[in-house]
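Coordinate-derived values only; no laboratory data. The model shown is predicted, which means the values in this text are computed figures rather than measured ones. Note: ideal-geometry Cβ built from the backbone for every residue, glycine included; neighbour counts use all protein chains shown.
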Amino acid sequence: MGMVVKLVGAGVLAVAAVASFALGYAWPGVACAAATVAVIAWVALTLRLPPLRVKQAALTVTLEGADGRRARVVKTQELVPLRKPLGDIRDRSLFTPGRLDDIEVSPGAVAERMGLGKYHITKVVFKPPLPPGRPVNRTMSYVIYDGFAAADVAFMFVGDYPTDELALTVVFPPERRPHRARVFVRAPGRPDKPAEVTRAPDGSSLGWRLTDVKVGVQYHIEWSW
């Protein structure tokens, strides 16, 4: 509705500009023409905005046994809907061979689960929709079964929405710690970019802090047992 009002307003201003010039009123015509351009630019900028922006996010993978056959993933986000009320969000996951299940979300409810290539996508709906401009804290958790049992393991976060700050953490069981780990950024059409990973002194976890997470870019954590 708001977008329709803006477009109608731009049309009225454009007609007023033409009429003013036709009647010889230069300054009103210039003012209406300038206002028309401003409204159209505003509409174009609004249409280019993503549906939301994530101010802060954290994703923690906790391996619950030495065999790597069960891992709990918890993702928290502080997000802000931008253009209009946010009725749903899609969470995309990619991981080593395994099964993703036991999904819990708050707020919202899981409406659909699907596979798309190597990705597992979960659609979460909000009733009522989240209002634009108001920060919302949300949480999503799930369990990955049989995903981290191999000798060489990888986990990846993909940027679905612009994110200001992101903390990725992997927590290992006391009985098993990795002997090698690395993190890197993978963007379409570019070579992989290594980054710095933080290790706990006792080897119990890996951490990676990122800023300005881009849409479509992949953030990889790899390790060897």
Which of the residue pairs LYS75/LYS123; LYS123/LYS214; LYS127/LYS214 have a Cα-Cα distance greater than 18 Å in the structure shown? LYS123/LYS214; LYS127/LYS214
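Excluding GLY133 itself, calculate the net charge of residues whose Cβ lies under 14 Å from the Cβ of GLY133, where each Lys or Arg counts +1 and each Asp or Glu counts -1. Numbers along the way, then the final one.
Details: positive: ARG53, LYS55, ARG83, LYS84, ARG134; negative: GLU78.
For residues surrounding GLY133, the net value is +4.
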Estimated dipole of region 52-224 in Debye, rounded to 20 [Cβ of Lys and Arg +1, of Asp and Glu -1, Cα centre]: 500 debye
Taking the Cα centre of region 122-180 as origin, work out the dipole magnitude from +1 charges on Lys and Arg Cβ and -1 charges on Asp and Glu Cβ, in debye rounded to 20. 220 debye
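Provide Rg over Rh for region 133-223; use the alpha carbon set for both Rg and the Kirkwood Rh (inverse mean inverse pair distance).
Values: Rg = 14.5 Å, Rh = 14.8 Å.
Computed over Cα atoms, the ratio is 0.98.
Taking 0.36 nm per residue of sequence separation and subtracting the Cα-Cα distance, how much length would be gained by fully extending the chain between ALA111 and THR139, in nm to one decimal?
Working: separation 28, 0.36 × 28 = 10.08 nm, distance 1.56 nm.
Taking 0.36 nm per residue and subtracting the Cα distance, the gain is 8.5 nm.
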Quick one: 3J(HN,Hα) in Hz for region 182-192, Karplus 6.51/-1.76/1.60 with θ = phi - 60°, rounded, Gly and Pro as x. 8, 10, 7, 10, 10, 10, x, x, 10, x, 4
